[in-house]
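Notes follow the structure.
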Amino acid sequence: MKYTSQRGTRDILPDEAGIWQSIEKTVRRTFELFNYKEIRTPIFESTELFARSIGSSTDIVSKEMYTFPDRKGRSLTLRPEETAPVVRAAIEHNLILKDNILKLFYLGPMFRYERPQAGRQRQFHQAGVEAFGSVDPLLDVEVILLAEQLFDRLGLKGLEIDVNSVGCQKCRPEFTTKLKEYFKSNIGKMCEDCKQRLETNPLRILDCKEAVCQKYIEKAPSTRESLCPECRIHFEKVEEGLKQAGIKYRVNNRLVRGLDYYTRTTFEVVSRQLGAQNAVCGGGRYDTLVEALGGSSTPAIGFAIGLERLMEIIRSENRYPISEKGITLYIATLGDEARKISFDLLTKVRKAGVAADMDYAGRSLKAQMKAADRARARHTLIIGENEIKNGLYVLKDMKTASQIEISPEELINKLPAL
Ligand code: ATP
Ligand code: MG
């Protein structure tokens, strides 16, 4: 029996892990620049948490969740996204304080039972932020700016930012009714999902990617016309702030996003380098979610970036940073006595904080030099019978191929300079 990874999942192999680490470092650093603090929540939560927050008629809840009963019959779900868990944790631990803005970020795997294809996996990674406690449109601008700066720091060009407002609980019902009216006459010609959506969640029709539905969606009423005065003013201020911050964006009145909890500002960062799944980042305001999940009424806004899609853009732009990380010292030995000495020395070297390794297979010197190359060792120390007799080992600079003789004491002293 040969085991393989599960459909829609991928192993990140050592060669690639270095690139992940470097991207994760940039992500964390950028979030911290904006004063967001990391939060880590469990991989699974109660199914109810996601059903209530994301919405039972959304694609995620209706068909994409990994849901299972545990041994006591509780219904659990592998997190398909991280906003609901973060809100749950913030309420549970009283992190949301009055008159204070709470800024959190996360990074980790999410799970959705989808048809695997380019840009769509069943286990994928997201990095995102959530900011609680303010309705200030400038906070919306900050969050969008943060996404933009992150992509900028990663050296990515050609990304487009789409912005919209989906209104609030006051003005959205009216818009939904308008949409329902509009789509009613043509729904027979639209896709099966949209037929369903007309009944359960007409707003989601605007997000449909099916070709047959596009011509009807194009002429649909725009969210903008239905905004109440408060939502309209909020959106105007967001636009004003975006312009002032010099952010290039496009207003896309069809942008509704796939989760029910969004209110007012929604946005997406899309890449022309990606195929059909071209959104690399999605986010928006969710001013009612904290209260809906049992907290005090608290406005909030956040976004999530799909890291696999981010990787894909980096790859397509040939901007893959080559992982150069190697060790500083490789010790090659000849004979059992040399290996014993080598092991002692290796331990001392590592204790001094220098990355080092040796051979454990008793291989030929040639094979060990090859292993040193593979480990991208900066130097190789050679210990053979003669060297032990003289108390002087050979230190080879792997870049210049020059060699010097050195005693173990000298080597330890020299370590910081290696
Ligand atoms: P899409 O319509 O592209 O599937 P979505 O609306 O389902 O996106 P969100 O729930 O907003 O996506 O998630 C934010 C980001 O996470 C997406 O923009 C995307 O980059 C990434 N993402 C979502 N689902 C997947 C997946 N199955 N595999 C890989 N990345 C994903
Ligand atoms: Mg999706």
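The values are calculated or read from the model by the stated rules, or taken from the named source; none is laboratory data. Bear in mind the structure is a predicted one, so any value in this text is a computation, not a measurement. When we count neighbours, we look across all protein chains shown, and the Cβ atoms used for this are built from the backbone with ideal geometry, even at glycine. Protein only, heavy atoms only, side chains kept; ligands, DNA and RNA dropped before computing areas. Shrake-Rupley method; radii C 1.70, N 1.55, O 1.52, S 1.80 Å.
Quick notes
- Test: residue in the stretch 4-26 that is surrounded by 11 or more Cβ atoms within 10 Å (Cβ to Cβ), hydrophobic (A, V, I, L, M, F, W, C) and touching a strand residue (DSSP E or B) at 6+ places or on another chain (Cβ under 7 Å): no
- Considering the stretch 113-212, the qualifying helices (runs of 4 or more DSSP H), each wholly inside and each with 2 or more residues that are within 16 Å of ligand 1 (Cβ to nearest atom) and either within 25 Å of E38 (Cβ to Cβ) or open to solvent by 10 Å² or more (accessible area, probe 1.4 Å) (or both), run over 137-153, 192-200.
- Residue that is nearest to ligand 2 (Cβ to nearest atom) [pool: residues in the stretch 283-312 that are in a strand (DSSP E or B) and open to solvent by 10 Å² or more (accessible area, probe 1.4 Å)]: G306
- The set of residues in the stretch 2-55 being among the basic types (K, R), in contact with a Phe, Trp or Tyr (Cβ under 8 Å, 6 or more places away or on another chain) and assigned to a loop (DSSP other than H, G, I, E, B) consists of R40 alone.
- Scan of the stretch 220-254 for residues that are out of contact with any helix residue (DSSP H, G or I) (no Cβ under 8 Å at 6 or more places or on another chain), outside any helix (DSSP H, G or I) and either farther than 20 Å from G282 by Cβ or in contact (Cβ under 8 Å) with a residue 40 or more places away in the chain (or both), ordered by number: C228, G246, K248, R250, N252
- Apart from one condition, E114 fits all of (1) touching a residue at least 40 places away in the same chain (Cβ under 8 Å); (2) under 26 Å from V290 (Cα atoms); (3) within 16 Å of ligand 2 (Cβ to nearest atom); the exception is (2).
- Among (1) surrounded by 14 or more Cβ atoms within 10 Å (Cβ to Cβ); (2) within 16 Å of ligand 2 (Cβ to nearest atom); (3) outside any strand (DSSP E or B) - the single one A276 does not satisfy: (1)
- Test: residue in the stretch 57-77 that is assigned to a loop (DSSP other than H, G, I, E, B), touching a strand residue (DSSP E or B) at 6+ places or on another chain (Cβ under 6 Å), on the phi < 0 side of the Ramachandran plot and surrounded by fewer than 18 Cβ atoms within 10 Å (Cβ to Cβ): yes
- In summary, strands (runs of 3 or more DSSP E) completely within the stretch 349-418 and bearing 2 or more residues that are open to solvent by less than 60 Å² (accessible area, probe 1.4 Å) occur at 356-358, 379-383, 393-397.
- Selection status of Y261, within 25 Å of E130 (Cβ to Cβ), touching a helix residue (DSSP H, G or I) at 6+ places or on another chain (Cβ under 7 Å) and either open to solvent by less than 50 Å² (accessible area, probe 1.4 Å) or free of Cβ contacts under 8 Å to residues at least 60 places away in the same chain (or both): yes
- Contacts under 7 angstrom Cβ, first residue in the stretch 168-196 being within 30 Å of A300 (Cα to Cα), partner small (G, A, S), 6 or more apart: C171/S226; E174/S226; F175/G167; F175/S226; K178/S226; L179/A220
- Subset of the stretch 255-266 [within 16 Å of ligand 2 (Cβ to nearest atom) and in a strand (DSSP E or B)]: T266
- Within the stretch 232-268, restricting attention to residues that are within 16 Å of ligand 1 (Cβ to nearest atom) and among the acidic types (D, E), the residue that is modelled with the highest pLDDT is E268.
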